[in-house]
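Right, one structure below, let's go through it.
The values are calculated or read from the model by the stated rules, or taken from the named source; none is laboratory data. What you see is a predicted model, and the numbers here were worked out from it, not measured in a lab. Cβ atoms come from the backbone with ideal geometry, glycine included; neighbour counts cover every protein chain shown. Note: areas computed on protein heavy atoms with side chains; ligands, DNA, RNA excluded. Shrake-Rupley method; radii C 1.70, N 1.55, O 1.52, S 1.80 Å.
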Amino acid sequence: MATSNLELDYEFLPYLKVYKNGHVERLLGIDAIPPGIDSQFGVSSKDISNIVPNSEVYVRIYLPINCKNKTLPLVIYFHGGGFCMFTPSSSLYHNYLNTLVSESRVIAISVHYRRPPEHPVHVAYEDSWQVLQWVFAHCNGDGPEPWVNAHANFTRVFLTGDSAGANIAHNMAMNVGSGDPELMVDILGVALIHPYFWGSDPIGSEGLYPDKKAGVDRMWSFVCPSNPDNDDPRVNPIAKGAPGLMSLGCRRVLICVAEKDILKDRGRAYYEALGQSGWMGVVEIHETQGEDHVFHLHDLDSQKSKDLMKNLAHFFNRERTHFL
């Protein structure tokens, strides 16, 4: 690399460095595992690109090997990483999705969206929405991807994700509930795992952790420099003037929080606000004691990670009558 390429413009630690020539050096989630057959979990995966023309957007689809001709709940997963780190092929997420699909007996679609700082955060939302449109083009069994045509049950579609990915899942559900009859997207449930929601004024115990709070305070302004307000409705869905949660476009919501996560009070506040909004669905919350943000991704074999996985599997596989 030429000397000019090494001249640092700014850092956003511990996530990335940006050089004056425009090069972005990501510091986390840069490993990549190819799709294929995971014999340990009995799951096959493959990548599909060209969903958003002239972009790096792709999805990784996961399917249980022995599902034969069965249709399965369809889980659309948005990865976390502060909007700017990781991809579906990062080992952290590839291994987690293999486990999720094996334990839950679902077909899963893991979404790679374009990321800041090369692309402002609104592009991530737009890419994710384009992927949803691509997915639902298969609802009559005549879409471009055979696995989705053959195995996705479009009466049981779920959005989920962790951290920033949970934020995307929420915003996609708000889009679904916008009332546009041409959207043709039907979501049964949304599972928000340690969701990244924030706000300008601290709530709950946030003020007790000044170092953690400072890091979260600057996240939104980094990914959304055009509107760096932490009360932007996309990051603070219960802010004054935000669109009402009563229009959330699904019928069931599971919110998962962790006791030591500085974001936990935002998840609880979302739970309470949704329950009081007039939304006609069912919302529940699960808290893991003694654990921090996205602990489950880093230790899939721990008992608490397994308990969280069981809750998700149950959420995805309950009888439809329970969602009324």
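Taking the range 41-62 as the range and being more than 16 Å from residue 111 (Cβ to Cβ) and touching a residue at least 24 places away in the same chain (Cβ under 8 Å) as the test, the residues that pass are 41, 42, 43.
Considering (1) in contact with a Phe, Trp or Tyr (Cβ under 6 Å, 6 or more places away or on another chain); (2) under 22 Å from residue 126 (Cα atoms); (3) small (Gly, Ala, Ser), the lone condition that residue 80 does not fulfil carries the number (1). Looking across the range 158-172, the residues that are closer than 12 Å to residue 77 by Cβ and among the hydrophobic types (A, V, I, L, M, F, W, C) come down to 158, 159, 166, 168, 169, 172. Among the candidates 269, 239, the residue that is within 28 Å of residue 179 (Cβ to Cβ), surrounded by 18 or more Cβ atoms within 10 Å (Cβ to Cβ), hydrophobic (A, V, I, L, M, F, W, C) and out of contact with any helix residue (DSSP H, G or I) (no Cβ under 9 Å at 6 or more places or on another chain) is uniquely 239.
Scanning the range 227-284 for residues that are free of Cβ contacts under 8 Å to residues at least 24 places away in the same chain, under 19 Å from the mean Cα position of the chain (by Cα) and not in a loop (DSSP other than H, G, I, E, B) returns a single hit, 271. Among the residues of the range 285-324, those identified as free of Cβ contacts under 8 Å to residues at least 12 places away in the same chain, open to solvent by 60 Å² or more (accessible area, probe 1.4 Å) and of a type in the set (D, E, K, R) are 299, 301, 306, 319.
Is there a residue being more than 22 Å from residue 125 (Cβ to Cβ), open to solvent by 70 Å² or more (accessible area, probe 1.4 Å) and part of a loop (DSSP other than H, G, I, E, B) anywhere in the range 41-62? No - not one qualifying residue is present in the range 41-62. Just so you know, in the range 74-106 the residues that are part of a loop (DSSP other than H, G, I, E, B) and hydrophobic (A, V, I, L, M, F, W, C) include one that is most open to solvent (accessible area, probe 1.4 Å), and it is 86.
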